[in-house]
Amino acid sequence: DVLFTELIRYKEILENYLEENERQIEGKIKKSVEYEIYKEAKSIENDAILSYFKKREGQKIRLQEKENPELKILKSTLQVAKQKFEKILYEYPKSLWAEDSKDSIHRIDIWLR
């Protein structure tokens, strides 16, 4: 019984330790400068594309900006997001967010063609 009680107590200690470390890691990620830049860039990218498709819903596909003013708005907004992703790559190349920033830049470049 004593051994079993000790094992349960050690298990609780270990679980508390792991839980606390997980909260600290999440806090560091959320508070990091590069995460904030990444989060803002991702939000700009997602909102711009969603807005574009909502405005263009049911309309013919037009690839010329003259015929598709929403495309011009989308491109200028995506350019802002791209600059933020590039900032992450330039200032924080070893960041957890760097690889996805590269992928996001690649996707944005397709829109910017």
* To do: Could you please state how large a percent of the accessible area of the stretch 66-113 is carbon and sulfur, counting protein chains only and using a 1.4 Å probe?
  => 55
* To do: Kindly provide the pair-distance distribution of the stretch 53-113 built from C-alpha pairs, with 10 Å bins from 0 and whole-percent values in order of increasing distance.
  => 22, 41, 24, 12, 1
* To do: Holding the Cα-Cα limit at 32 Å, pick out from LYS54/LYS94; LYS60/LYS94; LYS54/LYS82; LYS66/LYS94; LYS55/LYS94 the pairs that are longer than that.
  => LYS54/LYS94; LYS60/LYS94; LYS66/LYS94; LYS55/LYS94
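The values are calculated or read from the model by the stated rules, or taken from the named source; none is laboratory data. Computed from a predicted model, the values in this text were never measured in an experiment. These accessible areas exclude ligands, DNA and RNA; they are computed on the full protein's heavy atoms, side chains included. Shrake-Rupley method; radii C 1.70, N 1.55, O 1.52, S 1.80 Å.
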